[in-house]
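Notes to accompany the following structure.
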Amino acid sequence: MLGNRRFRPTFWASFFTVLAVAFMLGLCYWQIERLVWKTNLIEQFESRVAEDPVAAPDALGEIEDWRYRRVRLEGTFLHDKELLVTGKPFEGNAGFHLITPMRLTDGRTVLVNRGWIQLKPRGPVDTGPMHVEGLQTVEGLIRQDRLKGYFVPENEPQNEVWLYVDTAQMAVHRGVGPVLPYYVDQLRAPGPLKMPIGADTRIHVRNEHLSYAMTWALLALTLIVIYVIYHLKPEDDASDEGTGREQ
C-alpha cells in the first residue's frame, strides 16, 4: 500500500511492460558495448596518427588496421585530373574538398584530398593558384572510401557532381588508370591557414553511444514509472472490487 492506494497490477499490462523494458534495457546494454568499442577504436586511431609515417602500401588487407595511419607520399600532382567533392562547412562557410591524383615516383597513383576550399558566391571555383608543380612530398592519413549514406544521392560524374569519395569511380572518370584502394587526407601545413586547408591530426569520429544508452535507460525507467502509477488504485476501489468478488 502507498497511503490510501494499493498497487494492483494486471496481467497483460505487466506482460507487455516487462517485454518492453527488457527490450529497452537490451538496447541500452548494446549501446554501452558500442561505446566501449568506439572509444577503443578512437584510441587506436589517435595512436596511429602519432606514429612515424610509412610509405604508401599497395593493399590494405583489413581497412581497420590502416585507417588514419600516417603515410608519406612523394610524387607529382595531376592537377588536370582533379575533382571537387562537396564537403562539410568550415567555420560556417560552404565549400569543397579538392581531390587530386598523385603519380608516385614508383609509378603508382593515389587520390589525395589536398584539403577544403571555400565555395565562391559567384562563378566557378578557381583552383589554379593552389596548384603546385614538380616533385612534391606530402604527409597524410589513410582513409577508406566514404560509405554513401542511405539518403545521400549517387555521384553524377557526367555533371561533375561528387558527394562522396569513390576512388575507383573517380579514377575511371578521370582516366588515370588503376589507383590505390584508398585515398589520403593531406595534413595541413603549420602556420596560418591557407586554401586548400588540409586535415588536422585530431580524430573526428562520432561517438554518441553514451547518449543513446542513457536515452534507452530513461525510456525504460519512464515506462516503469507510468506502469506503477497506472496500477496504483485507491483503497476504496480495491475494497469495492473485493466486495464485488464476494457477492
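Values quoted throughout were computed directly from the atomic coordinates according to the rules given, and no laboratory measurement underlies them. Computed from a prediction, not measured in an experiment: that's the story for all the values here. We place every Cβ from the backbone using ideal geometry, glycine too, and count neighbours over all the protein chains shown.
General remarks:
- Computed [θ] at 222 nm, deg cm²/dmol, the chain (DSSP H ≥ 4; -39,500 (n - 2.57); rounded to nearest 500): -11500 deg cm²/dmol
- Inter-label distance for Ala94 and Val205, nm, one decimal - labels placed 7 Å from Cα along Cα-to-Cβ: 3.2
- Degrees, to the nearest 10: 235-246 long Cα axis against longest axis of the chain: 60
- Neighbour net charge for Val172 - beta-carbon separation under 15 angstrom, K R +1, D E -1: -3
- Amide N of segment 171-194 lying under 15 Å from the label point, which is placed 7 angstrom from the Cα of Ala59 along Cα→Cβ: 179-182
- Which listed pairs, of Lys81/Lys194; Lys38/Lys120; Lys88/Lys194, have C-alpha distances above 27 Å, in listed order: Lys38/Lys120
- Fluctuation leader among Leu73, Leu193, Leu19 - the chain, Gaussian network, Cα springs under 10 angstrom: Leu19
- All-pairs Cα distance distribution in the chain, expressed in whole percent, bin size 5 Å: 1, 5, 10, 12, 13, 11, 8, 6, 5, 5, 4, 4, 4, 4, 3, 2, 2, 1, 0, 0, 0
- Highest-first packing order for the peptide set 8-17, 183-192 is 183-192, 8-17, based on the mean count of other beta carbon atoms within 10 Å.
- Multiplying the residue separation of Asp106 and Val228 by 0.36 nm and removing their Cα-Cα distance gives an extension gain of 36.8 nm.
- Charge tally in the Cβ shell below 11 Å around Thr109, where Lys, Arg are +1 and Asp, Glu are -1, Thr109 excluded: +3
- For segment 210-228, no residue has its backbone nitrogen under 15 Å from a point 7 Å from the Cα of Ala22, taken along Cα to Cβ.
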